[in-house]
Amino acid sequence: MAETNSENADTDASYEEKLNAQKEIAKGMKISELKLKLQAVGIFTTSFVEKSEFVNAYAEAMVNAPGTGLDSEDDQEGFSEEVEFPPTIMHRVERLKKLNNDREEQRKQYLKERAELEAKYHKLAEPLYEERKQVVLGQKDEEIAKEHEGESAEKGDPDDVGIPQFWLSAIGHMGPVAELLSEPDLECLEHLQDIQCVDHENGGGFTLSFHFAPNDYFENTILTKSYVVPNLLLADEPILKDVQGCEITWKEGKCLTFKEVIRQQRGKGKNAGQVRAVKKQEKQESFFHFFTPPKMPSLSTMNEQDAERLEHAFDEDYDIAQAFRSHIVPKAVLWFTGQAMENEMEAAMAGMNFPTGSAPGDGENPECQQS
């Protein structure tokens, strides 16, 4: 019995060692690489799951290769463990590993300092954003009017205060966001007074907040959407760890996301022939669905169709969030006037058109042109 227990302990230890070894290998891979390799053995995921889940799934698939078909020669390609070298070579490899570890420590310090730098300049920008808000809401009207006394100009509507429909117009010029707007949304968004984006202290995510004046549609004065993205400051594909929206408290009869409809339903069985009215909530197209994020997936129950659907949903949701974070919030006035949209169109056209008889790479490097 003692020998059996000892053998089981050795087996468990061996399994854990193999599992940990595979985890170390997986940690050095990119999310996209792990995803493809897992899909190759029938484990479907989405790029928007914490990397540790990919690492664990990969390690288990490798250690349990007989159950996944990874033990065949063809399937082992790209999944091999570290190659063994002569001692003299291994000594040099160990030196390279040490250099790599030192580089990783530098990378950690870089991310720490970058997060601090981002926070510093966000703090410096806060007074500018606050004054922008004051101008939009009309709190600077008299001050601005005094600056332009004596200038000949057409008088506007005396009832206009600040810049009416500022944020609605800015959003309307940003294609991906504008596509979410329905006709009923427009009147509600006229009450939008400010949009703010605050990066989390550790540089691992951000929170969008939409500030509304009292209106006929909902009780909330602020709607929020938060994203936890551990690699936000890196150029890698985003690892979306968590998304949190908020509940909108709609006023009676004013909900823009769902509409109550009455359907006629015929009875079945012993109630056959009877007709009754049934109330149902019918989903409506609306920008305000943005505040209800897609549900995070579960690796254990996901199939290929689920993976594709969820990946598309999270891609779209994150693209909208980044449109606010990187474009609309910092450059709101350019989106309001339409200049930002024109700049993007001109840049796209410039990238498509080439002089007759030339092609990309011919002649002067466009990135190095001197004016």
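The values are calculated or read from the model by the stated rules, or taken from the named source; none is laboratory data. What you see is a predicted model; the values in this text were computed from it and never measured. Neighbour counts run over all protein chains shown; Cβ positions are idealised from the backbone, glycine included.
Here's a check for you: in the range 40-64, which residue that is surrounded by fewer than 16 Cβ atoms within 10 Å (Cβ to Cβ) and either of a type in the set (S, T, N, Q) or modelled with pLDDT under 60 (or both) is nearest to E237 (Cα to Cα)?
Within the range 40-64, the match that is nearest to E237 (Cα to Cα) is S52.
Pairs only if they're at least six apart or on different chains, beta carbon under 8 angstrom, first in the range 332-351 and without any contact (Cβ under 8 Å) to a residue 12 or more places away in the chain and farther than 14 Å from V177 by Cα, second assigned to a helix (DSSP H, G or I) and among the small types (G, A, S); list them, first residue then second.
L334/A340
Tell me whether the range 194-212 contains one or more residues that are at pLDDT 95 or above, touching a strand residue (DSSP E or B) at 6+ places or on another chain (Cβ under 9 Å) and of a type in the set (D, E).
The answer is yes; a qualifying residue exists.
Looking only at the range 334-343, which residues are surrounded by 15 or more Cβ atoms within 10 Å (Cβ to Cβ) and either of a type outside the set (G, A, S) or modelled with pLDDT under 85 (or both)?
Initial filter on the range 334-343 (surrounded by 15 or more Cβ atoms within 10 Å (Cβ to Cβ)): 334-336, 340-341.
Selection gives L334, W335, F336, M341.
Scanning for something over 21 Å from K331 (Cβ atoms) and in contact (Cβ under 8 Å) with a residue 60 or more places away in the chain, does the range 194-201 turn up at least one residue? Quick ask: steps written out before the conclusion?
First, pick out the residues of the range 194-201 that are over 21 Å from K331 (Cβ atoms): 200-201.
Right, trim to in contact (Cβ under 8 Å) with a residue 60 or more places away in the chain and you get 201.
Yes, the range 194-201 contains at least one residue that is over 21 Å from K331 (Cβ atoms) and in contact (Cβ under 8 Å) with a residue 60 or more places away in the chain.
I need the full set of residues from the range 24-38 which are among the charged types (D, E, K, R) and closer than 27 Å to E308 by Cβ, in order please.
Selection gives K27, K30, E33, K35, K37.
Yes or no: the range 134-141 includes at least one residue that is surrounded by fewer than 18 Cβ atoms within 10 Å (Cβ to Cβ), in contact with a helix residue (DSSP H, G or I) (Cβ under 6 Å, 6 or more places away or on another chain) and not assigned by TED's automatic domain parsing to the domain that holds E247.
Within the range 134-141 (the criterion being surrounded by fewer than 18 Cβ atoms within 10 Å (Cβ to Cβ), in contact with a helix residue (DSSP H, G or I) (Cβ under 6 Å, 6 or more places away or on another chain) and not assigned by TED's automatic domain parsing to the domain that holds E247), the answer is yes, since at least one residue qualifies.
When you look at E154, is it under 26 Å from A170 (Cα atoms), at pLDDT 85 or above and surrounded by fewer than 12 Cβ atoms within 10 Å (Cβ to Cβ), yes or no?
When the stated conditions are applied, E154 does not pass them.
Take V243 and decide whether it is touching a residue at least 24 places away in the same chain (Cβ under 8 Å) and within 17 Å of the chain's Cα centre (by Cα).
Here the answer is yes, as V243 does meet what is asked.
Does the range 305-325 hold any residues that are more than 18 Å from G172 (Cβ to Cβ) and exposed (fewer than 12 other Cβ atoms within 10 Å of the Cβ), and which are they?
Result: Q305, single match.
In the set Q305, Q281, Q265, which member is modelled with pLDDT under 95 and either assigned to a helix (DSSP H, G or I) or in contact with a His (Cβ under 6 Å, 6 or more places away or on another chain) (or both)? Steps first, please.
On the way: Q281 fails: either assigned to a helix (DSSP H, G or I) or in contact with a His (Cβ under 6 Å, 6 or more places away or on another chain) (or both); Q265 fails: either assigned to a helix (DSSP H, G or I) or in contact with a His (Cβ under 6 Å, 6 or more places away or on another chain) (or both).
Criteria check complete, one pass: Q305.
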